[in-house]
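Note sheet for the following structure.
The values are calculated or read from the model by the stated rules, or taken from the named source; none is laboratory data. What you see is a predicted model, and the numbers here were worked out from it, not measured in a lab. Cβ placement follows ideal geometry from the backbone for every residue including glycine, while neighbour counts extend to all protein chains displayed. Quick note on the areas: whole protein, heavy atoms, side chains included, nothing else; ligands and nucleic acids left out. Shrake-Rupley method; radii C 1.70, N 1.55, O 1.52, S 1.80 Å.
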Amino acid sequence: MRTEQPVTIRRSDYTPPAFLVERIALVFELLPEAARVESTLALRRNPAAGPTAPLALDGEDLELEGLWLDGEPLPPARYTASEAGLAIDALPDACELRIVTRIAPAANTTLSGLYVSNGNFFTQCEAEGFRRITYFPDRPDVMARYTVTLRAPRERFPVLLSNGNLVAERDGPAPAWVDGPAASEAWHEAVWEDPFPKPSYLFALVAGRLVATEAQLTTMSGREVLLQVWVEPGNEDRTGHAMQSLIRAIRWDEARFGLELDLDRFMIVAVSDFNMGAMENKGLNVFNTKYVFAHPRIATDQDFAGVESVVGHEYFHNWTGNRVTCRDWFQLTLKEGLTVFRDQEFSADVMAEQAGNEAGAASARAVKRIEDVRVLRAAQFPEDAGPMAHPIRPDSYQEINNFYTVTVYEKGAEVIRMLQTLVGRDGFRKGMDLYFARHDGQAVTCDDFVAAIADANGADLSRFGRWYSQAGTPRVVVAGSHDAAGRRYRLELRQACPPSPGQPDKQPFHIPFAVGLVGPDGRDLPLRPSPACAAAVRRIETGGGRATAVLDLTDPAQVFEFEGIDTPPVPSLGRNFSAPVVVEHAYDDAQLAFLAAHDSDPFNRWEAAQRLATRCVLAVLDGAAPAERCAPLVAAIARVVDDPDLDAAFREQVVVLPSEGFIAEQLAVVDPVALRAARDAVRGELARALAGRWRAIVEGLSTGAPWTPDAKAAGERALKNAALAYWVDSGDSDAIAAAQVQFERADNMTDRAGALQALLRAGGEPRERALAAFEKTFADEPLVMDKWFSMQATMPRRPGDPPVLERVRALASHPAFSLRNPNRVRALVGSFCHGNLAEFHAGDGAGYAWWADRVLELDPLNPQVAARLARALDRWRKFTPERQAAMRAALERVAAAEHLSRDVREIVTKALAA
Ligand code: B3K
Ligand code: ZN
């Protein structure tokens with residue numbers, strides 16, 4: 001394996017490529033142990049680069065067989081070869097270069113480049129995997145037209161797929177270089193042509209024994225297109241939801257953004273060994289089976305939603321990412337933030353449409369918003385406060401794969417959402433239209449995107465650019481005061497952003513801050529800004545009993561005054577989470593309970609209940625008596641649970657307490673064991689005080705009616721399962737019996753896994769019996785076994801239990817576990833290290849030593865997955881001193897390893913840096 005000195009790549013060092021590739025013809029001769037790749041490049045000197053610059057071809061782990069320039073062999077003296085590729089000097093301004101390389105797909109455990117999974121070939125080229133297939137200027141600003149010929153033994157690899165359109169298929173002889181049994185097999189070939197120029201990271205091939213589910217669709221302009229979902233034989237019955245999601249995504253992009261599918265054929269292929277969720281290769285999306293397979297027997301409602309959103313996400317990349325791509329990898333959020341925003345909107349629109357009426361639609365949108373904000377706060381806020389903090393457009397990196405982060409993706413999506421909030425939904429559409437009119441077919445920057453939004457709307461977004469250049473989560477501190485005599489309410493807003501690595505001081509951000517004022521009767525007060533601040537009030541939205549002002553917060557401190565306010569209102573701040581900031585305001589418990597009951601903004605109703613819950617946990621952690629301290633929370637939650645006007649999905653969001661990870665971020669020093677005890681104490685209060693209600697919910701919603709996939713039924717399942725867990729926590733033995741019945745009789749995975757989760761909380765015999773039964777039933781379903789691994793890795797430790805680490809250790813030797821499969825690693829090792837705070841950080845430091853061993857074991861196999869796992873210790877400085885010392889020792893042990901990938905090295909050195 002390679003051991004590399006850290007090299008830092010900087011955004012400011014960007015230079016245009018010396019040569020452009022007009023066309024590339026690739027011929028693959030595929031055998032698992034050895035593949036031959038012939039690449040013919042039509043090169044032209046880039047007028048934007050110097051007249052003598054050498055051609056730089058990236059290459060990694062390749063065996064070079066030969067090079068030909070305009071038909072003549074190129075002697076080694078004409079080029080310089082290094083670990084990182086080839087440089088060729090003194091080339092004519094236009095020329096043809098032919099390169100033959102050999103690679104070993106079956107030996108490729110990194111799952112980057114060309115590899116083998118279950119006997120089939122797959123590729124993954126983003127970000128820099130194409131260079132592991134052939135020498136090429138492997139950078140997104142080199143866009144070429146591809147023709148791809150695939151040759152392989154016909155029996156073993158009947159299906160040969162690549163990007164674009166299939167132009168020929170024929171049988172042929174085995175290639176001359178092939179010997180042994182493969183030489184006597186019958187070979188065939190397929191030729192694919194992609195009409196659209198694309199960067200190398202969007203190249204893909206798939207070859208093997210696969211079957212397709214198909215659908216035909218007429219696009220908005222009347223073109224007939226073929227849609228295919230390819231899976232291994234036997235899995236056809238679980239592709240329906242992915243196909244329906246694809247069709248919905250195509251329709252949605254037509255309706256919302258006027259964007260049409262531009263190919264005659266669009267394919268999705270499922271693979272079980274995959275480093276991430278899915279990949280948007282042009283016309284040939286490759287997906288982790290987790291985001292394709294959906295059948296109620298094996299997939300939860302959350303899995304169904306995940307499939308829909310990832311299918312949407314990859315499809316939406318066809319315009320935001322593929323037609324218009326990134327100039328360089330620092331611009332990654334240009335495609336990722338925008339595409340996450342688009343998939344969030346897609347899911348929200350689909351959920352709202354299913355709701356049927358206006359109130360249901362608003363609630364469904366709020367639920368989606370809450371889910372997205374939970375992810376942001378649980379994962380991105382900590383990242384933004386830790387050693388890997390970076391702006392959504394980073395300034396430097398050592399390994400780009402380490403920057404496919406929640407910051408680039410989820411915070412990036414929030415930044416796009418703020419742009420939409422600033423210019424309005426119609427204005428945003430105008431901006432998108434201008435972006436495509438200007439940049440279709442180009443590789444561009446984030447500045448180009450913001451300029452299109454600004455120019456289409458005549459908006460001043462000069463300060464807004466700071467969201468792209470500054471890391472850290474801004475804090476907005478709000479003080480409110482009522483002037484009874486003047487009948488005015490005054491809001492004073494101050495913003496500040498903590499320092500982050502390399503950025504000690506921050507400039508103020510342009511924050512769209514949505515506020516409402518809730519009057520004593522629980523209704524929104526009409527908003528009349530005083531003339532002095534009116535210019536900074538961007539918009540007042542009314543309708544449906546709501547009055548929300550969108551304020552332009554651009555300075556470190558600003559004052560907003562509203563007139564005609566007779567009695568002190570309760571301010572509703574940052575409605576619908578209008579900006580990715582932390583909002584601080586001195587609410588008292590009664591005000592939070594009031595907002596939780598009345599706020600016209602459903603997001604902030606949830607938010608108020610979460611604030612109340614967070615405070616309870618923090619107070620109990622500080623020694624407050626749970627029963628007494630939790631009374632206002634219990635009352636507020638009871639009120640929401642009892643509210644017949646609220647749908648089940650929303651009520652479920654309100655009863656779920658903030659995560660340990662989120663609460664940990666509110667603390668200066670974290671003792672995860674104490675934190676879990678405090679949170680469990682608050683849970684216990686809710687469980688016991690409302691035990692009758694939990695029981696009633698479970699019994700009321702356990703109708704025995706057959707499973708249906710609709711949003712209403714899914715919401716009811718979610719609420720029922722949350723209630724079941726509380727009921728079990730209340731200590732009522734009837735609850736355990738009810739969970740066992742549900743576990744045994746469930747006709748769908750949501751209810752079966754929900755019951756199992758509840759039984760894991762119960763512990764003891766019922767837990768072990770259910771785990772054994774689950775394992776037996778689903779031994780042949782890897783994705784379900786992942787749930788089995790992950791539920792045990794994240795389970796609580798009950799009195800008398802050994803540390804959960806012991807169980808996790810044993811599970812790592814389970815025959816269904818493999819360090820070579822990223823889903824298994826995430827399910828067991830990732831879930832434990834990232835998702836079971838109290839057990840991973842149990843006092844003795846054994847978890848950290850185990851973590852270091854796993855990182856070191858995984859790194860030579862798959863650096864990308866190892867680097868993700870390595871991030872589990874990012875926040876080590878936040879913990880108690882003994883834990884800090886043990887974590888530092890574990891990090892140092894990893895950092896001192898003799899052979900370390902660039903990926904893991906960057907993570908651990910940044911974690912250890914001051
Ligand atoms: N663009 C890919 C992610 C590639 C990750 C490379 N380490 C999937 C997506 O965001 O749609
Ligand atoms: Zn993406």
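The rows are residues; the columns are (1) aliphatic (A, V, I, L, M); (2) farther than 23 Å from THR149 by Cβ.
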position: ALA183; (1), (2): yes, no
position: GLU193; (1), (2): no, no
position: GLY208; (1), (2): no, no
position: THR219; (1), (2): no, yes
position: VAL225; (1), (2): yes, yes
position: ASP237; (1), (2): no, yes
position: PHE266; (1), (2): no, no
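Considered as a group, the residues in the range 282-304 that are farther than 22 Å from ALA212 by Cα and not hydroxyl-bearing (Ser, Thr, Tyr) include one that is farthest from ligand 2 (Cβ to nearest atom), and that residue is ASP301. Sort out which residues of the range 309-319 are open to solvent by less than 20 Å² (accessible area, probe 1.4 Å) and either touching a helix residue (DSSP H, G or I) at 6+ places or on another chain (Cβ under 8 Å) or outside any helix (DSSP H, G or I) (or both), and write them in order of number. Within the range 309-319, VAL311, GLY312, HIS313, TYR315, PHE316, HIS317, ASN318 qualify. Residues in the range 265-281 that are open to solvent by 10 Å² or more (accessible area, probe 1.4 Å), within 13 Å of ligand 2 (Cβ to nearest atom) and of a type in the set (D, E, K, R): none.
One residue alone among ALA496, ALA452, ALA484 is among the small types (Gly, Ala, Ser), open to solvent by 30 Å² or more (accessible area, probe 1.4 Å) and more than 30 Å from TRP876 (Cα to Cα), and that residue is ALA484.
If you go through the range 726-742 and keep only what is open to solvent by 20 Å² or more (accessible area, probe 1.4 Å) and assigned to a helix (DSSP H, G or I), you end up with ASP729, SER733, ASP734, ILE736, ALA737, ALA738, GLN740, VAL741, GLN742. Selection of helices (runs of 4 or more DSSP H) fully inside the range 599-708 by the criterion of at least 3 residues being aliphatic (A, V, I, L, M) and within 30 Å of THR548 (Cα to Cα) returns 602-621, 631-642, 648-655.
Look at the range 4-53 and say how many of its residues are part of a loop (DSSP other than H, G, I, E, B), open to solvent by less than 60 Å² (accessible area, probe 1.4 Å) and of a type outside the set (Asp, Glu).
Residues in the range 4-53 being part of a loop (DSSP other than H, G, I, E, B), open to solvent by less than 60 Å² (accessible area, probe 1.4 Å) and of a type outside the set (Asp, Glu): 11 in total.
The numbered conditions (1) within 15 Å of ligand 2 (Cβ to nearest atom); (2) more than 22 Å from LEU553 (Cα to Cα); (3) of a type outside the set (Phe, Trp, Tyr) are all true for ASP448 except (1). Selection of the range 192-223 for residues being of a type in the set (D, E, K, R), open to solvent by 10 Å² or more (accessible area, probe 1.4 Å) and in contact (Cβ under 8 Å) with a residue 40 or more places away in the chain yields GLU193, ARG209, ARG223. Would it be correct to say that GLU892 is open to solvent by 10 Å² or more (accessible area, probe 1.4 Å), at pLDDT 95 or above, in a helix (DSSP H, G or I) and under 24 Å from ALA914 (Cα atoms)? So GLU892 fits the description; yes.
Looking only at residues in the range 424-473 that are free of Cβ contacts under 8 Å to residues at least 12 places away in the same chain and not hydrophobic (A, V, I, L, M, F, W, C), the one that is nearest to ASP141 (Cα to Cα) is SER462.
Taking GLY321 as the residue in question, decide whether it is within 13 Å of ligand 2 (Cβ to nearest atom), on the phi > 0 side of the Ramachandran plot and in contact (Cβ under 8 Å) with a residue 12 or more places away in the chain.
yes
Only one entry in ALA270, ALA242 is among the small types (Gly, Ala, Ser) and either out of contact with any Asp or Glu (no Cβ under 9 Å at 6 or more places or on another chain) or not in a helix (DSSP H, G or I) (or both), namely ALA270.
Summed over the range 164-199, residues that are hydrophobic (A, V, I, L, M, F, W, C) and part of a loop (DSSP other than H, G, I, E, B) total 5. Whether any residue in the range 644-652 is open to solvent by less than 10 Å² (accessible area, probe 1.4 Å), aliphatic (A, V, I, L, M) and touching a helix residue (DSSP H, G or I) at 6+ places or on another chain (Cβ under 8 Å) is what I want to check. No, the range 644-652 contains no residue that is open to solvent by less than 10 Å² (accessible area, probe 1.4 Å), aliphatic (A, V, I, L, M) and touching a helix residue (DSSP H, G or I) at 6+ places or on another chain (Cβ under 8 Å). When TYR409 is tested against (1) under 26 Å from ARG905 (Cβ atoms); (2) under 19 Å from the mean Cα position of the chain (by Cα); (3) more than 14 Å from ligand 2 (Cβ to nearest atom); (4) open to solvent by 10 Å² or more (accessible area, probe 1.4 Å), exactly one condition is not met: (3). Among the conditions (1) within 13 Å of ligand 2 (Cβ to nearest atom); (2) open to solvent by less than 10 Å² (accessible area, probe 1.4 Å); (3) touching a residue at least 60 places away in the same chain (Cβ under 8 Å), LYS335 misses just one, which is (3).
Taking the range 72-114 as the range and being in a loop (DSSP other than H, G, I, E, B) and farther than 27 Å from PRO860 by Cα as the test, the residues that pass are LEU74, PRO75, ASP89, ALA90, LEU91, PRO92, ASP93. All told, GLU308 falls short of being within 10 Å of ligand 1 (Cβ to nearest atom) and of a type in the set (D, E, K, R).
Before we move on, is ARG131 within 29 Å of the chain's Cα centre (by Cα) and under 17 Å from LYS198 (Cβ atoms)? For ARG131, the condition - within 29 Å of the chain's Cα centre (by Cα) and under 17 Å from LYS198 (Cβ atoms) - is met.
Each residue in the range 320-329 was checked for being open to solvent by 20 Å² or more (accessible area, probe 1.4 Å) and either within 10 Å of ligand 1 (Cβ to nearest atom) or in contact with a His (Cβ under 9 Å, 6 or more places away or on another chain) (or both), and 1 pass.
Looking at this structure, is ALA299 small (Gly, Ala, Ser) and touching a residue at least 24 places away in the same chain (Cβ under 8 Å)? Yes. Considering only residues in the range 339-375 that are within 16 Å of ligand 2 (Cβ to nearest atom) and farther than 25 Å from ARG323 by Cβ, the one that is least open to solvent (accessible area, probe 1.4 Å) turns out to be ASP372.
Applying the condition of being away from ligand 1 (no atom under 16 Å from the Cβ), open to solvent by 20 Å² or more (accessible area, probe 1.4 Å) and in a loop (DSSP other than H, G, I, E, B) to the range 115-134 and asking which residue is nearest to PRO32 (Cα to Cα) yields GLY119.
If you go through the range 388-401 and keep only what is within 16 Å of ligand 2 (Cβ to nearest atom) and open to solvent by 10 Å² or more (accessible area, probe 1.4 Å), you end up with ARG393, ASN401.
Scanning the range 828-844 for residues that are outside any helix (DSSP H, G or I), open to solvent by 10 Å² or more (accessible area, probe 1.4 Å) and of a type outside the set (A, V, I, L, M, F, W, C) yields GLY843, ASP844. Pairs meeting the criteria (first residue in the range 233-245 and more than 14 Å from LYS290 (Cα to Cα) and at pLDDT 95 or above, second residue open to solvent by 10 Å² or more (accessible area, probe 1.4 Å) and among the basic types (Lys, Arg), beta carbons under 7 Å, at least 6 apart or on different chains) are PRO233/ARG209.
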